[in-house]
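J.: Pasting a structure here, questions to come.
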Amino acid sequence: MTLSWLVREYGEVSSTQEVAERLASGGAREGTVILAERQNSGRGRMERRWLSPKGGLYLSIVLRPGRVGGVHLLTLAGALAAAEGTRRAAGVSPKIRWPNDLVVGGRKLGGVIATASTRGESLEFVVVGIGVNGNFRTDELGDLSSASATLMELAQAPVDLPSLRSRILEEFALRYEGWGRGEELKLIRLARSLLSTSGKKVEFAHLRGTVTRGIAEKLEEDGSLVVKVRGKRLRLRAEEVEWLREL
Ligand code: BTN
């Protein structure tokens, strides 16, 4: 399984995720990348909005993995690619705040989302979306500004968006191809080394509505996070957790 890229560039779109899903439903091939300068309805995890001013990197990748097992690890592959690609292109080394945030000093620099479409029992396609705050000021993110970071502010210089995009796609291809060869453990090991939460006090909101505090322990091989809460170990799955933050 080797990925070759077919990058389609847009000015403003609603959401690259939405465009990619539409094109994938219409048969777009694996490796199609939807790249936009800005989004007016960028999507975040759990139906949240993703503010997407000009200057950021917004892309969505169409994948046709052909197997369902372990597909949820593709979000982690996206987060690793975004972290490594950012380090190589901008010299800023983000950590991964489980499950899919890119953070620098606790502030959010980017995020990853993955959506899958199934037909009957089989997987039709997966779209992995990556957003990185690039060349704009955090002021542009309104209420979120104090919890956010941008590459331009961190590096005190604008980042070259085309090289950021290329490095992230290169890293993603490596991770995806590894995943396709069954190297899930390698992916998890790499993610463990980049996780911001290991051993830290965290607070998280469960989808059932409860907010709980505990100590984040290990990232399990299936991508779930073990958190010790009042002496008990809970195994959190990404889809059950609305948000998680370090205390
Ligand atoms: C999150 O942290 O909640 C995930 C954010 C994912 C944002 C990216 S930007 C490119 C792609 N298109 C979208 O609408 N969302 C993802």
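J.: Can you compute the charge dipole magnitude of segment 1-159 about its Cα centre, using +1 on each Lys and Arg Cβ and -1 on each Asp and Glu Cβ, nothing else charged? Give it in debye, rounded to the nearest 20. Spell out each step's value before the answer.
T.: Details: 19 positive and 15 negative charges, 53 e Å.
Here segment 1-159 has a charge dipole of around 260 debye.
J.: Do any GluC sites (Glu not before Pro) in segment 89-157 lie in a DSSP loop with no more than 13 other beta carbon atoms within 10 Å, and if so, which? Display every interim value, and only then the final one.
T.: Numbers: sites: Glu121, Glu124, Glu140, Glu153; in loops: Glu121.
Taking segment 89-157 and a limit of 13 other Cβ atoms within 10 Å, the loop GluC sites (Glu not before Pro) found are Glu121.
J.: Listed highest first by mean packing, meaning other Cβ atoms within 10 Å per residue, what order do 44-50, 77-83, 193-199, 205-211 come in?
T.: Details: 44-50: 14.4, 77-83: 26.6, 193-199: 17.1, 205-211: 10.4.
Peptide ranking by packing, descending: 77-83, 193-199, 44-50, 205-211.
J.: Something else about it: Work out, in µm²/s and without decimals, the Stokes-Einstein translational diffusion coefficient of segment 138-187 at 4 °C, 1.567 mPa s, Rh from Kirkwood over C-alpha pairs.
T.: On the way: Rh = 13.4 Å.
Rounded to a whole number, D works out at 97 µm²/s.
J.: What residues qualify as long-range amide H neighbours of Trp243, i.e. H under 5 Å apart, gap of 5 or more or another chain, H built at 1.01 Å from N?
T.: Placed amide hydrogens put Ala205 under 5 Å from Trp243.
J.: So what is the 222 nm mean residue ellipticity for the chain from helices alone, if each DSSP H run of at least 4 adds -39500 (n - 2.57) and you divide by all residues, rounding to the nearest 500 deg cm²/dmol?
T.: Values: 5 runs with 64 residues, N = 247.
So the calculated ellipticity at 222 nm is -8000 deg cm²/dmol.
J.: Still on this model: Find how many whole Å separate the alpha carbon centroid of segment 34-100 from the alpha carbon centroid of segment 131-154.
T.: 16
J.: Based on a Kirkwood Rh over C-alpha pairs, give the Stokes-Einstein translational diffusion coefficient of segment 201-246 at 25 °C and viscosity 0.890 mPa s in µm²/s. Working shown, then result.
T.: Working: Rh = 10.4 Å.
Diffusion coefficient, whole number: 235 µm²/s.
J.: Check Leu109: other-chain or 5+ apart residues with amide H under 5 Å from its amide H, H built from backbone geometry?
T.: Amide H neighbours of Leu109, under 5 Å, 5+ apart: Leu102, Val103, Val104, Ala149.
J.: With only alpha-carbon atoms counted, please give the Rg and Dmax of segment 103-220, in Å.
T.: 17.3, 50
J.: Which of the peptides 18-31, 84-97 is most tightly packed, and how do the rest follow, judged by the mean count of other Cβ atoms within 10 Å per residue?
T.: In decreasing order of mean packing, 18-31, 84-97 become 84-97, 18-31.
J.: For the chain, what's the radius of gyration and Dmax over Cα atoms, in angstrom?
T.: Every Cα atom of the chain included, Rg and Dmax give 17.1, 51 Å.
J.: Stokes-Einstein diffusion coefficient for segment 2-111 at 20 °C in a medium of 1.002 mPa s, Rh from the Kirkwood formula over Cα pairs: what value in µm²/s? Don't jump to the answer; show the numbers that get you there.
T.: Working: Rh = 14.9 Å.
This corresponds to a translational diffusion coefficient of 144 µm²/s.
J.: Run the count for the chain, please: Lys pairs, Cα-Cα under 27 angstrom, 8 or more apart or on different chains.
T.: 26
Read-outs throughout are calculated quantities, based only on the coordinates presented, and are distinct from any laboratory measurement. Note that the coordinates shown come from a computational prediction; the quantities given were computed from them, not determined experimentally. FYI the Cβ positions are ideal-geometry reconstructions off the backbone, even for glycines, and counts take in every protein chain you see.
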